[in-house]
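The values are calculated or read from the model by the stated rules, or taken from the named source; none is laboratory data. Being a predicted model, the structure only gives us computed values, none of them experimental. For neighbour counting, all protein chains shown are included, and Cβ atoms are generated from backbone atoms with ideal geometry for every residue, glycine included.
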Ligand code: ARG
């Protein structure tokens with residue numbers, strides 16, 4: 001039984017003995033318990049204002065009376081201050097309880113099963129065919145991956161979806177350009193580079209040459225009509241793009257359950273458009289079909305172009321219905337940059353207007369831009385920073401640092417990969433997701449800052465302490481050894497982990513977990529510098545080793561939730 005529950009029943013008993021029978025329930029009391037902002041105000045606090053009405057007394061009087069009536073051996077003492085009851089848990093018991101709770105859950109501390117039986121669809125990364133993965137895609141990929149991990153940790157079934165951008169007139173142009181100016185070997189060899197070259201050349205030449213532009217449109221029509229040759233080339237372009245992306249996904253440790261992208265919905269839009277029609281939601285505007293969203297302060301949602309062609313929104317609409325039908329999701333998240341805020345507001349509104357209240361279960365998890373050394377990353381501006389290059393560069397830099405700091409390390413390449421990739425991911429997930437961030441090498445790879453290497457290093461330090469102590473050294477721990485302020489602080493941060501996970505999910509904000517990992521590392525390092533872990537008193541030493549082990553496990557879990565690995569030696 002945790003402390004909140006124990007305090008709750010102690011309060012309930014005290015109410016009965018001080019005020020007689022009451023209709024107050026354990027639940028009301030549990031809900032009211034708070035964790036004070038400062039440790040000096042106790043480990044938990046209960047505001048007696050909530051009882052004033054049913055007990056018909058002033059809160060300070062209630063607090064005084066309850067303080068007198070309270071009996072609990074797990075408490076060091078209780079204070080009554082201005083209508084608040086402040087509870088101070090016995091320090092040794094507090095440390096022992098939390099540390100044991102962490103160790104007994106075997107790396108699953110903070111997990112839960114509240115999601116059992118529920119499915120969450122997460123649409124993330126969602127790259128575009130014939131385009132390279134640039135650093136701007138990192139946020140979508142890693143925020144989405146972290147959310148997927150967090151939900152799984154709480155027992156949900158997660159369907160991770162890469163909603164590929166694999167539809168549009170540009171693909172007709174690239175296929176057309178390929179037929180004229182390229183060949184199989186070049187595309188196989190240069191991949192997306194060659195596709196980009198072809199596209200750029202086509203755009204330049206078709207600008208002057210109207211017949212060429214027409215030829216590009218014809219090739220797109222052929223793809224649309226399922227012409228075997230056109231489809232074969234297009235699908236092969238898709239494979240080449242995905243092969244490229246797979247290298248990045250492998251480095252990041254990211255996997256998808258579904259690659260159903262825009263083209264997947266080719267044959268699934270008609271019923272949705274018909275439904276919009278018979279529900280009277282479609283109106284004509286200059287030949288196009290739209291859903292008027294003026295009453296909701298938004299521009300119209302375009303459903304069909306004048307020539308009957310479908311749009312990005314039409315496909316997303318079909319995708320939403322498909323996902324609801326196929327997965328019966330409890331939630332469907334879209335991890336997409338803030339530029340598409342309007343698109344998703346429109347999408348959700350249209351589903352609302354169609355009369356489906358599950359539009360409430362859809363959420364746009366929006367995020368800001370990543371720039372690189374202050375420069376924005378636009379394809380048009382010419383300055384494009386590719387994610388694969390950034391990751392490779394990070395690995396090389398990490399490798400240099402490792403070579404310098406621990407030349408004797410065995411698996412340097414493996415560790416360099418974990419640290420280098422971790423540094424980039426951590427940097428991306430450190431700030432509130434809606435903030436724009438500017439990537440800086442020095443900051444990302446700093447072993448002393450708020451970085452992955454710092455947290456990973458702390459984890460490796462814990463591993464090293466535990467290795468030296470050997471197995472079984474944590475038995476018969478005397479938790480009275482953990483009553484100093486530094487150890488207590490570590491325990492307090494450990495206790496906050498489950499709540500941090502809950503909040504990260506509730507707010508779709510993985511950065512809470514990233515920051516948490518820094519808090520825990522800092523608290524532990526402070527303890528580590530102030531206290532000797534190994535000492536003459538074996539039982540006290542065992543308690544400090546168990547605390548170290550708990551920190552090791554929780555850092556490892558926290559990092560894995562945000563997609564970062566924790567090497568045991570660095
Ligand atoms: N491919 C799009 C882009 O790169 C993102 C797609 C997001 N997902 C969606 N269902 N619209 O901008």
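Considering 148, 177, the condition of being crowded, with 18+ Cβ neighbours inside 10 Å, under 37 Å from the mean Cα position of the chain (by Cα), outside any strand (DSSP E or B) and free of Cβ contacts under 8 Å to residues at least 40 places away in the same chain is satisfied by 148 alone. Restricting attention to segment 114-137, the residues being buried (at least 24 other Cβ atoms within 10 Å of the Cβ), outside any loop (DSSP other than H, G, I, E, B) and within 13 Å of the ligand (Cβ to nearest atom) number 3.
Determine if segment 267-284 includes at least one residue that is surrounded by fewer than 19 Cβ atoms within 10 Å (Cβ to Cβ), within 28 Å of the chain's Cα centre (by Cα) and not in a helix (DSSP H, G or I). Within segment 267-284, none of the residues are surrounded by fewer than 19 Cβ atoms within 10 Å (Cβ to Cβ), within 28 Å of the chain's Cα centre (by Cα) and not in a helix (DSSP H, G or I).
Residue check: is residue 290 assigned to a strand (DSSP E or B), surrounded by 15 or more Cβ atoms within 10 Å (Cβ to Cβ), within 16 Å of the ligand (Cβ to nearest atom) and without any contact (Cβ under 8 Å) to a residue 40 or more places away in the chain? Don't jump to the end; show me each part of the working.
Values: assigned to a strand (DSSP E or B): yes; surrounded by 15 or more Cβ atoms within 10 Å (Cβ to Cβ): yes; within 16 Å of the ligand (Cβ to nearest atom): no; without any contact (Cβ under 8 Å) to a residue 40 or more places away in the chain: yes.
So residue 290 does not fit the description; no.
When segment 159-174 is limited to residues that are within 16 Å of the ligand (Cβ to nearest atom) and either in a loop (DSSP other than H, G, I, E, B) or without any contact (Cβ under 8 Å) to a residue 60 or more places away in the chain (or both), the one that is surrounded by the fewest Cβ atoms within 10 Å (Cβ to Cβ) turns out to be 169. Screening 110, 42, 96, 83 for residues that are at pLDDT 95 or above, touching a strand residue (DSSP E or B) at 6+ places or on another chain (Cβ under 8 Å) and buried (at least 16 other Cβ atoms within 10 Å of the Cβ) leaves exactly one candidate, 83. Consider residue 204 carefully, then state whether it is without any contact (Cβ under 8 Å) to a residue 60 or more places away in the chain and within 16 Å of the ligand (Cβ to nearest atom). Criteria not met by residue 204.
Please work out if residue 11 is surrounded by 14 or more Cβ atoms within 10 Å (Cβ to Cβ), touching a strand residue (DSSP E or B) at 6+ places or on another chain (Cβ under 9 Å), on the phi < 0 side of the Ramachandran plot and touching a residue at least 60 places away in the same chain (Cβ under 8 Å). So residue 11 passes the test. If you check 232, 224 for being at pLDDT 95 or above, more than 27 Å from the chain's Cα centre (by Cα) and either surrounded by fewer than 17 Cβ atoms within 10 Å (Cβ to Cβ) or more than 16 Å from the ligand (Cβ to nearest atom) (or both), only one passes: 232.
Tally the residues that are free of Cβ contacts under 8 Å to residues at least 60 places away in the same chain and under 25 Å from residue 278 (Cβ atoms), restricting the search to segment 345-368.
Taking segment 345-368 as the starting set, the residues that turn out to be free of Cβ contacts under 8 Å to residues at least 60 places away in the same chain are 345-349, 351-352, 356-362, 364.
So of that shortlist, the ones also under 25 Å from residue 278 (Cβ atoms) come out as 345-349, 351-352, 356-362.
Counting residues in segment 345-368 that are free of Cβ contacts under 8 Å to residues at least 60 places away in the same chain and under 25 Å from residue 278 (Cβ atoms) gives 14.
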